[in-house]
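Engineer: This is the structure I have questions about; it appears just below.
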Amino acid sequence: MPILAGDHPAALAAAAQCLADGGLVGMPTETVYGLAARADQDQAVAAIFRAKGRPADHPLIVHVAGLDAATRFASHLPPAALRLAAAFWPGPVTVIVPRRSGVAEAASGGQPSIGLRCPSHPVAQALLRQAAALGVAGVAAPSANRFGRISPTTAAHVAAEFGPGLLVLDGGDCPLGIEST
(Lines give C-alpha, C1' and ligand atoms only; values in the text may rest on other atoms or scores of the structure.)
Protein backbone atom coordinates (compact mmCIF):
# COMPACT_ATOMS: atom_id res chain seq x y z
CA MET A 1 0.00 0.00 0.00
CA PRO A 2 1.19 3.51 -0.57
CA ILE A 3 1.79 6.20 2.00
CA LEU A 4 -1.56 7.95 2.47
CA ALA A 5 -2.19 11.52 3.59
CA GLY A 6 -3.16 11.30 7.25
CA ASP A 7 -5.49 14.28 7.02
CA HIS A 8 -7.54 12.77 4.17
CA PRO A 9 -10.87 11.27 5.35
CA ALA A 10 -10.68 8.28 2.98
CA ALA A 11 -7.15 7.46 4.18
CA LEU A 12 -8.24 7.61 7.82
CA ALA A 13 -11.25 5.43 7.07
CA ALA A 14 -9.07 2.86 5.28
CA ALA A 15 -6.57 2.78 8.15
CA ALA A 16 -9.32 2.45 10.78
CA GLN A 17 -10.90 -0.41 8.81
CA CYS A 18 -7.51 -2.11 8.47
CA LEU A 19 -7.09 -1.96 12.26
CA ALA A 20 -10.65 -3.22 12.83
CA ASP A 21 -9.90 -6.14 10.49
CA GLY A 22 -6.80 -7.08 12.52
CA GLY A 23 -4.21 -5.53 10.19
CA LEU A 24 -1.16 -3.36 10.80
CA VAL A 25 -0.94 0.39 10.18
CA GLY A 26 1.97 2.81 10.37
CA MET A 27 0.76 5.86 12.31
CA PRO A 28 2.35 9.12 13.39
CA THR A 29 2.51 10.31 16.96
CA GLU A 30 4.13 13.43 18.37
CA THR A 31 7.14 11.29 19.36
CA VAL A 32 7.85 8.72 16.60
CA TYR A 33 5.83 6.69 14.09
CA GLY A 34 4.22 3.59 15.53
CA LEU A 35 3.39 0.18 14.09
CA ALA A 36 -0.22 -0.18 15.20
CA ALA A 37 -2.60 -3.13 15.63
CA ARG A 38 -5.78 -3.44 17.64
CA ALA A 39 -4.70 -4.15 21.21
CA ASP A 40 -7.69 -6.32 22.08
CA GLN A 41 -6.85 -9.05 19.55
CA ASP A 42 -3.81 -11.11 20.49
CA GLN A 43 -3.45 -12.38 16.91
CA ALA A 44 -3.25 -8.81 15.57
CA VAL A 45 -0.68 -7.90 18.23
CA ALA A 46 1.35 -11.00 17.34
CA ALA A 47 1.74 -9.54 13.85
CA ILE A 48 3.56 -6.56 15.39
CA PHE A 49 6.03 -8.85 17.13
CA ARG A 50 6.62 -10.82 13.91
CA ALA A 51 7.06 -7.71 11.74
CA LYS A 52 9.46 -6.08 14.17
CA GLY A 53 11.32 -9.25 15.15
CA ARG A 54 10.60 -8.26 18.75
CA PRO A 55 10.45 -10.79 21.59
CA ALA A 56 6.80 -11.49 22.49
CA ASP A 57 7.42 -10.99 26.21
CA HIS A 58 8.36 -7.31 25.70
CA PRO A 59 5.24 -5.29 26.60
CA LEU A 60 3.82 -2.77 24.14
CA ILE A 61 2.23 0.60 24.84
CA VAL A 62 -1.48 0.78 24.08
CA HIS A 63 -2.56 4.07 22.53
CA VAL A 64 -6.06 5.29 23.39
CA ALA A 65 -8.10 8.31 22.35
CA GLY A 66 -8.72 9.35 25.95
CA LEU A 67 -9.40 8.35 29.51
CA ASP A 68 -12.69 6.59 28.70
CA ALA A 69 -10.90 4.20 26.34
CA ALA A 70 -8.19 3.61 28.95
CA THR A 71 -10.78 2.06 31.26
CA ARG A 72 -11.30 -0.72 28.69
CA PHE A 73 -7.72 -1.92 29.34
CA ALA A 74 -7.16 -1.05 33.01
CA SER A 75 -8.70 -2.97 35.88
CA HIS A 76 -8.67 0.40 37.63
CA LEU A 77 -6.87 3.70 37.28
CA PRO A 78 -4.97 4.56 40.47
CA PRO A 79 -5.15 8.19 41.65
CA ALA A 80 -1.56 8.87 40.54
CA ALA A 81 -2.34 7.63 37.00
CA LEU A 82 -5.44 9.83 36.88
CA ARG A 83 -3.41 12.87 37.95
CA LEU A 84 -0.75 12.16 35.33
CA ALA A 85 -3.36 11.66 32.60
CA ALA A 86 -5.14 14.88 33.60
CA ALA A 87 -1.88 16.81 33.47
CA PHE A 88 -0.19 15.30 30.42
CA TRP A 89 -2.78 13.67 28.13
CA PRO A 90 -2.98 13.96 25.30
CA GLY A 91 0.80 13.89 25.12
CA PRO A 92 3.93 11.76 25.26
CA VAL A 93 3.42 10.26 28.73
CA THR A 94 2.65 6.60 29.33
CA VAL A 95 1.00 5.46 32.56
CA ILE A 96 1.51 1.90 33.71
CA VAL A 97 -1.57 0.57 35.46
CA PRO A 98 -3.07 -2.79 36.47
CA ARG A 99 -4.37 -4.57 33.37
CA ARG A 100 -7.98 -5.71 33.14
CA SER A 101 -8.01 -9.52 33.26
CA GLY A 102 -8.55 -11.19 29.90
CA VAL A 103 -7.81 -8.03 27.89
CA ALA A 104 -4.70 -7.22 25.83
CA GLU A 105 -2.66 -10.08 27.20
CA ALA A 106 -0.34 -10.18 24.17
CA ALA A 107 0.10 -6.40 24.18
CA SER A 108 1.12 -6.50 27.83
CA GLY A 109 3.66 -9.25 27.20
CA GLY A 110 1.70 -11.40 29.64
CA GLN A 111 2.27 -8.93 32.49
CA PRO A 112 -0.47 -8.01 34.98
CA SER A 113 0.08 -4.34 34.14
CA ILE A 114 -0.32 -2.38 30.93
CA GLY A 115 1.16 0.85 29.57
CA LEU A 116 -1.43 3.32 28.28
CA ARG A 117 -0.84 6.54 26.37
CA CYS A 118 -3.03 9.12 24.69
CA PRO A 119 -1.06 10.69 21.83
CA SER A 120 -1.60 14.33 20.94
CA HIS A 121 -0.79 14.07 17.24
CA PRO A 122 -3.95 15.07 15.33
CA VAL A 123 -3.66 12.18 12.85
CA ALA A 124 -3.21 9.67 15.69
CA GLN A 125 -6.22 11.13 17.48
CA ALA A 126 -8.36 11.03 14.33
CA LEU A 127 -7.35 7.43 13.64
CA LEU A 128 -8.04 6.34 17.22
CA ARG A 129 -11.50 7.96 17.15
CA GLN A 130 -12.40 6.39 13.79
CA ALA A 131 -11.11 2.99 14.87
CA ALA A 132 -13.10 3.28 18.12
CA ALA A 133 -16.25 3.80 16.06
CA LEU A 134 -15.48 0.38 14.50
CA GLY A 135 -15.05 -1.30 17.89
CA VAL A 136 -11.29 -0.83 18.37
CA ALA A 137 -10.82 0.62 21.88
CA GLY A 138 -7.06 1.10 21.52
CA VAL A 139 -4.04 0.11 19.49
CA ALA A 140 -0.76 -1.42 20.54
CA ALA A 141 1.81 0.70 18.74
CA PRO A 142 5.52 0.40 19.45
CA SER A 143 7.91 2.31 17.23
CA ALA A 144 7.57 1.36 13.56
CA ASN A 145 11.03 -0.10 13.09
CA ARG A 146 12.60 -3.52 13.29
CA PHE A 147 13.67 -4.45 16.81
CA GLY A 148 16.87 -2.68 17.84
CA ARG A 149 16.89 -0.15 15.00
CA ILE A 150 16.42 3.62 15.09
CA SER A 151 12.85 4.78 15.59
CA PRO A 152 11.25 6.42 12.52
CA THR A 153 10.21 10.05 12.51
CA THR A 154 8.71 10.21 8.98
CA ALA A 155 6.26 8.13 6.97
CA ALA A 156 9.00 7.49 4.41
CA HIS A 157 11.17 5.89 7.14
CA VAL A 158 8.32 3.50 7.98
CA ALA A 159 7.68 2.60 4.36
CA ALA A 160 11.40 1.96 3.81
CA GLU A 161 11.52 -0.28 6.89
CA PHE A 162 8.47 -2.44 6.13
CA GLY A 163 7.90 -2.08 2.39
CA PRO A 164 4.83 -1.43 0.27
CA GLY A 165 2.58 -3.98 2.01
CA LEU A 166 2.04 -1.72 5.02
CA LEU A 167 -0.58 1.05 5.03
CA VAL A 168 1.19 4.15 6.40
CA LEU A 169 -0.59 7.37 7.36
CA ASP A 170 1.59 10.40 6.72
CA GLY A 171 1.32 12.94 9.49
CA GLY A 172 4.50 14.83 8.64
CA ASP A 173 7.70 14.79 10.64
CA CYS A 174 7.27 13.83 14.30
CA PRO A 175 7.91 16.97 16.36
CA LEU A 176 9.68 15.26 19.29
CA GLY A 177 11.59 12.46 17.56
CA ILE A 178 12.10 10.34 20.68
CA GLU A 179 9.90 7.74 22.37
CA SER A 180 7.37 8.65 25.06
CA THR A 181 8.16 8.77 28.77
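The values are calculated or read from the model by the stated rules, or taken from the named source; none is laboratory data. From a predicted model like this one, the values you see are computed outputs, not experimental measurements. Every residue, glycine among them, receives a Cβ derived from its backbone with ideal geometry; neighbour counts consider all protein chains shown. Side chains included, ligands, DNA and RNA excluded: accessible areas come from the protein's heavy atoms. Shrake-Rupley method; radii C 1.70, N 1.55, O 1.52, S 1.80 Å.
Engineer: For Ser75, which sequence-distant residues (separation of 5 or more, or a different chain) have an amide H within less than 5 Å of its own amide H, given hydrogens modelled in the peptide plane?
Structural biologist: Arg99, Arg100
Engineer: Taking Cα centroids, how far is the range 9-26 from the range 135-181 in Å?
Structural biologist: Going from one Cα centre to the other spans 14 Å.
Engineer: Can you work out the accessible area per residue across the range 1-110, with the rest of the protein chains kept in place, probe 1.4 Å, in square angstrom? Each step should come with its number before you reach the end.
Structural biologist: Values: 4750 Å² over 110 residues.
Accessible area per residue, the range 1-110: 43 Å².
Engineer: Another question about this same structure. Ranked from the most accessible area to the least, with a 1.4 Å probe and all protein chains present, what is the order of His58, His121?
Structural biologist: His58, His121
Engineer: A follow-up question, please. Where does the charge balance sit around Arg100 when Lys and Arg score +1, Asp and Glu -1, over other residues with C-beta under 11 Å from its C-beta? Write out the running numbers ahead of the final one.
Structural biologist: Values: positive: Arg72, Arg99; negative: Asp40, Glu105.
Every neighbour counted, the sum reads 0.
Engineer: Exactly which trypsin sites (Lys or Arg not before Pro) in the range 112-181 are in a DSSP loop and have at most 16 other Cβ atoms within 10 Å? Present the calculation step by step, with values, prior to reporting the outcome.
Structural biologist: Details: sites: Arg117, Arg129, Arg146, Arg149; in loops: Arg146, Arg149.
Within the range 112-181, the qualifying trypsin sites (Lys or Arg not before Pro) (loop, at most 16 other Cβ atoms within 10 Å) are Arg146, Arg149.
Engineer: Give me D for the range 86-181 in µm² s⁻¹, whole number, from Stokes-Einstein with Rh from the Kirkwood sum over alpha-carbon pairs, 25 °C and 0.890 mPa s.
Structural biologist: Numbers: Rh = 14.9 Å.
It comes out at roughly 164 µm²/s.
Engineer: Could you list which residues have their amide H under 5 Å from that of Ile61, counting only those 5 or more apart in sequence or on another chain, with H placed in the peptide plane?
Structural biologist: For Ile61, the qualifying residues are Ala141.
Engineer: Using the Cα centre as the reference, give the magnitude of the dipole from point charges on the C-beta atoms of the range 48-181 (Lys, Arg: +1; Asp, Glu: -1; all else neutral), rounded to the nearest 20 debye. Intermediate values should be presented prior to the final figure.
Structural biologist: Working: 11 positive and 7 negative charges, 51 e Å.
Computed about the Cα centre, the dipole is about 240 debye.
Engineer: Using 0.36 nm per residue, how much length does the chain from His76 to Arg50 gain when fully extended, once their Cα-Cα distance is taken away? Intermediate values should be presented prior to the final figure.
Structural biologist: Working: separation 26, 0.36 × 26 = 9.36 nm, distance 3.04 nm.
Computed gain between His76 and Arg50 is 6.3 nm.
Engineer: Please list, by residue number, every one of the chymotrypsin sites (Phe, Trp or Tyr not before Pro) in the range 31-134 that is coil in DSSP and has at most 15 other beta-carbon atoms within 10 Å.
Structural biologist: Details: sites: Tyr33, Phe49, Phe73, Phe88; in loops: Tyr33, Phe73.
Answer by residue number: there is no such site.
Engineer: Calculate how steeply helix 9-20 sits against the longest principal axis of the alpha-carbon atoms of the chain, using the helix alpha-carbon long axis, and give the answer as 0 to 90 degrees to the nearest 10.
Structural biologist: Orientation of helix 9-20: about 60 degrees from the principal axis.
Engineer: A further question on this structure: Is the range 5-157 best put as rounded, prolate or oblate by its Cα gyration tensor, with a ≥ b ≥ c the root eigenvalues, rounded for a/c under 1.5, and otherwise prolate when a/b is larger than b/c, oblate when not? Let's see the in-between values first.
Structural biologist: Numbers: a/c = 1.38, a/b = 1.18, b/c = 1.18.
It is rounded, given that a/c, with a ≥ b ≥ c, falls under 1.5.
Engineer: Return one number: the angle in degrees, 0 to 90 and rounded to the nearest 10, between the long axis of the Cα atoms of helix 122-133 and the longest principal axis of the Cα atoms of the chain.
Structural biologist: Once rounded, one gets 70 degrees.
Engineer: Right, next: Just to confirm the number: angle between the C-alpha axis of helix 79-88 and the first principal axis of the chain, 0 to 90 degrees, nearest 10?
Structural biologist: Taking Cα atoms only, the helix is inclined about 30 degrees.
Engineer: In whole percent, how big is the carbon plus sulfur part of the accessible area of the range 1-140, probe 1.4 Å, protein atoms only?
Structural biologist: 59 percent
Engineer: Where the only charges are on Cβ atoms (+1 Lys, Arg; -1 Asp, Glu), what is the dipole of the range 21-119 about its Cα centre, to the nearest 20 debye? Could the numbers behind the result be given before it?
Structural biologist: Working: 9 positive and 7 negative charges, 28 e Å.
Using Cβ point charges on Lys, Arg, Asp and Glu, the range 21-119 gives about 140 debye.
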